[in-house]
Amino acid sequence: MQRYWFGDVEGSECLSCTLRSSDGRIEAAHAAAIAGTSVECHPIQWDVAHACGCVSDRSDYLSRLRKVCFFIAQTRIAAHFSRLDVDLIQQTKSLDALDVARNLLLERAIDLYRAENPSFSQKIHPMHERKLIGLMLQDAPGPLAILLEEIEGLTRARVRMAEFVSEMASEVLPNSSSLVGGLVAARLLVEAGAIDSLVRMPSATIQVLGARKALFAHIKGEASSPKHGILFQHSRVHNAPTRFRGRVARVLAAQLAIAIRLDYYRGSSDPEFLQKADRRIIRAGERS
Amino acid sequence: MIWMGNALVSKGVSGVYGERILAGYRVWDPFRSKLAAIYHLGKGTELKDDMKILYLGAAHGTTVSHIADYVEVVYAVEFAPRPMQDLLQVARIRTNIVPIMADASRPDLYACLLEEVDLIYQDIAQPKQAEIAIANGIFLKKNGMLVMILKTRSVDVRRLPETILAETRAILNRHYNVLDALWLDPYHRDHAAILCEAIK
């Protein structure tokens, strides 16, 4: 018995020629099942399909084959797009989890240290974190040393994870990552939930992604509008004088909306667009 | 091949990628398409309307569309999702293109879809280009032709293009009859085309 994409043929009889679907999905499944199964692969003779009555003529053969191939391609493309952004979202959430874990342990470590050194206080003269950890490491008793070791490990893991996320972001969202950095782009994606949602958002939404509490407080009439959400993390926004931050965030969000659509529909970097966008954003931060 | 003055053209539905139109014919730009460059340099197999072609590395489908204008059917193999989306668009209009989303280095995974072809055209920028051309040789008819575009920078950017061409010729010569090799200057830098015949 010979197996083909259009069916299995025994002699001059086609055993499963009734394998027919309007969009080619059954044939595609069959093709996938037999792909790679034979030790030697041979090209097929289309006449076989004709002889056993599977197809009426050459044109019918090609037409059905095309349907199957279109189905396979479209399925794979959809899978690819859904996979990559899901990966990025999960990775970013993992990064945040590392942060949470590290901060939790650090709090405990400080409490442990305070138990041994009651005179110590972080409130009066707050010490930089790194210096604080260095201080605690000196003569650290067992339990504290154990915690500090874990914190060290989490710190290193966090750095590596951030690199991964950045890299992944520049693959999934090349233009957006160039504009705001991989991490911010990834966080925007997490806020949006999926790349399909993100690409449909107007720039006003992108501007305040991450400021949900502030946004709804404003909507309810309790506060003025939030000017930025995650975008605040971009240096051009938080480094700008306070009164210009809103403007920078607005311009940045507008360019980002274009960048996201470029990423989704084209998938490759557009240096010309990035240059122009950069100039606009810089101008927005300058005195008018 | 159809020539209008110095321009290589093909006859088919226009507007695939913004190509120039000359008296209703689509201009096939040698600076854009390496196959067109081969024809402009006086080499290459004549494309006939009863031919079946296997195109490895079909990308966005620009060269595919021109080939499809000439031949009976083009089996276009492309692996990357984004170019494939464009290729599907091209294939929706040109119904003699069979778009196959697969890894050209794994012919065993798409052999169940292919017939024997008269010509294999390969334009894949990978270090193992020659090996891919050899693995796909099973689809070639007796006396069929292989046209392999060699992007020397993709094989090894550190070494001389001439050395890489010579090495690749030697590798291919074990499985094919290498007829000719030519550099694609002035149309494409550091690219060569190796023309072979099937040994069957």
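Each reported figure results from applying straightforward, stated rules to the coordinates on display, with no laboratory input. What you see is a predicted model, and the numbers here were worked out from it, not measured in a lab. As a convention, Cβ positions derive from the backbone with ideal geometry for all residues, glycine included, and neighbour counts pool all protein chains shown.
Treat segment A:64-129 as a sphere of radius equal to its Kirkwood radius over Cα pairs and apply Stokes-Einstein at 25 °C in a medium of 0.890 mPa s; give the translational diffusion coefficient in µm²/s, rounded to a whole number.
Answer, rounded: 149 µm²/s.
Is there a quick way to get the dipole size of segment A:62-127? I mean about its Cα centre, with the Cβ of Lys and Arg at +1 and of Asp and Glu at -1; what is the value in debye to the nearest 20?
The calculation lands at about 700 debye.
Under 20 Å Cα-Cα from residue A:227, which lysines qualify once same-chain neighbours fewer than 8 residues away are excluded?
A:213
Taking the convex hull of the alpha carbon atoms in chain A, what volume per residue do you get, in Å³?
For chain A, the hull spanned by Cα atoms encloses 242 Å³ per residue.
Taking the Cα centre as origin and putting +1 on Lys and Arg beta-carbons and -1 on Asp and Glu beta-carbons, what dipole magnitude results for segment A:154-288, to the nearest 20 debye?
For segment A:154-288, the charge dipole is close to 620 debye.
With a sphere of radius 14 Å drawn around the Cβ of residue B:126, what net charge do the other residues whose Cβ falls strictly inside it have (Lys, Arg +1; Asp, Glu -1)?
-1
Mind checking segment B:79-152 for trypsin sites (Lys or Arg not before Pro) that DSSP puts in a loop (not H, G, I, E or B) and that have at most 15 other Cβ atoms within 10 Å?
Qualifying residues, ordered by number: B:128.
Any of A:93/B:151; B:48/B:128; A:67/B:11 with alpha carbons more than 32 Å apart? Name them for me.
From the list (A:93/B:151; B:48/B:128; A:67/B:11), the Cα-Cα distance tops 32 Å for A:93/B:151.
Excluding residues fewer than 8 places away in the same chain, name every one of the aspartates and glutamates whose C-alpha is closer than 14 Å to that of residue B:142.
Filter leaves B:115, B:116, B:118, B:197.
Identify the GluC sites (Glu not before Pro) of segment A:169-244 meeting these criteria: DSSP loop state and at most 14 other C-beta atoms within 10 Å of the C-beta.
The qualifying sites are A:222.
Once you sort the root eigenvalues of the Cα gyration tensor of segment B:46-200 as a ≥ b ≥ c, which label holds: rounded (a/c under 1.5), prolate (a/b larger than b/c) or oblate (the other case)?
Prolate is the answer for segment B:46-200, as a/c is 1.5 or above and a/b outweighs b/c.
Please list log₁₀ I(q)/I(0) at q = 0.09, 0.15, 0.21, 0.22 Å⁻¹ for segment A:93-204, using the Debye equation with identical point scatterers on the alpha-carbon positions.
Taken in order of the listed q values, log10 I(q)/I(0) reads -0.37, -0.74, -1.04, -1.11.
Based on the Cβ-Cβ distance of residue A:122 and residue A:149, what FRET efficiency does E = 1/(1 + (r/R0)^6) give at R0 = 22 Å, to the nearest 0.05?
Once rounded, the FRET efficiency stands at 0.55.
For chain A, which span is the longest to avoid every loop-located (per DSSP) member of trypsin sites (Lys or Arg not before Pro) having at most 11 other Cβ atoms inside 10 Å?
A:1-122
Starting from the exponent 0.38 and prefactor 2.2 Å, build the expected Rg for segment B:51-98 from its residue count and divide its actual Cα Rg by it.
Compared with the compact-globule rule of thumb, segment B:51-98 sits at 0.97.
How large is ³J(HN,Hα), in whole Hz, for each residue of segment B:5-18 in order, when computed from phi with the Karplus curve 6.51 cos²θ - 1.76 cosθ + 1.60 and θ = phi - 60°, using x for Gly and Pro?
x, 8, 9, 7, 10, 9, 9, x, 4, 8, x, 6, 9, x
Just name one of B:168, A:48, B:95: the one whose Cα is farthest towards the positive end of the charge dipole of the protein assembly as shown (beta-carbon charges, Lys/Arg +1, Asp/Glu -1).
Positive-end residue among those listed: B:95.
In whole Å, largest first, what are the principal axis extents of the Cα atoms in segment B:35-78?
Extents along the principal axes: 28, 22, 14 Å.
Given +1 on the Cβ of Lys and Arg, -1 on the Cβ of Asp and Glu, and no further charges, what dipole in debye does segment A:142-230 carry about its Cα centre, rounded to the nearest 20?
Computed about the Cα centre, the dipole is about 420 debye.
Treat the count of other C-beta atoms within 10 Å as a stand-in for reagent exposure and order A:179, A:274, A:147 from fewest to most.
The order, fewest Cβ neighbours first, is A:274, A:147, A:179.
Let me check I've understood the local charge: for residue A:175, count other residues with C-beta under 10 angstrom from its C-beta, Lys and Arg +1, Asp and Glu -1. What total comes out?
0
So what is Rg over Rh here for segment A:1-128, counting just Cα atoms and using Kirkwood for Rh?
Reported Rg/Rh (Cα atoms, Kirkwood Rh): 1.54.
Given the -39500 (n - 2.57) contribution per DSSP H run of 4+ residues, what per-residue ellipticity at 222 nm results for chain B, rounded to the nearest 500 deg cm²/dmol?
Only helices count here, giving -7500 deg cm²/dmol.
Would you please give the residues with an amide H less than 5 Å from that of residue B:114, counting only those at least 5 places away or on a separate chain, with H modeled from the backbone geometry?
Those lying under 5 Å, H to H, from residue B:114 are A:44.
In Å, what is the Rg of the alpha-carbon atoms in segment B:7-120, and how long is Dmax?
Spelled out, the Cα radius of gyration and Dmax of segment B:7-120 are 13.6, 43 Å.
For chain A, what does -39500 (n - 2.57) per DSSP helix run (n ≥ 4), summed and divided by total residues, give at 222 nm, in deg cm²/dmol to the nearest 500?
Using -39500 (n - 2.57) per qualifying helix, the result is -22000 deg cm²/dmol.
Computed over the Cα atoms of segment B:152-200, what is the ratio Rg over Rh, Rh following Kirkwood?
Result: Rg/Rh = 1.00.
For all pairs of alpha-carbon atoms in segment A:113-171, what percent lies in each bin of width 10 Å, listed from the first bin to the last filled one?
Per 10 Å bin, starting at 0, the Cα pair percentages come out as 19, 39, 24, 14, 4, 0.
Over its Cα atoms, what ratio of radius of gyration to 2.2 N^0.38 Å does the protein assembly as shown give?
1.28
Quick one: 3J(HN,Hα) in Hz for segment B:52-59, Karplus 6.51/-1.76/1.60 with θ = phi - 60°, rounded, Gly and Pro as x.
10, 10, 10, 10, 9, x, 5, 6
Looking at chain B as a GNM with Cα springs under 10 Å, which of B:91, B:181, B:170 has the largest mean-square fluctuation?
B:170
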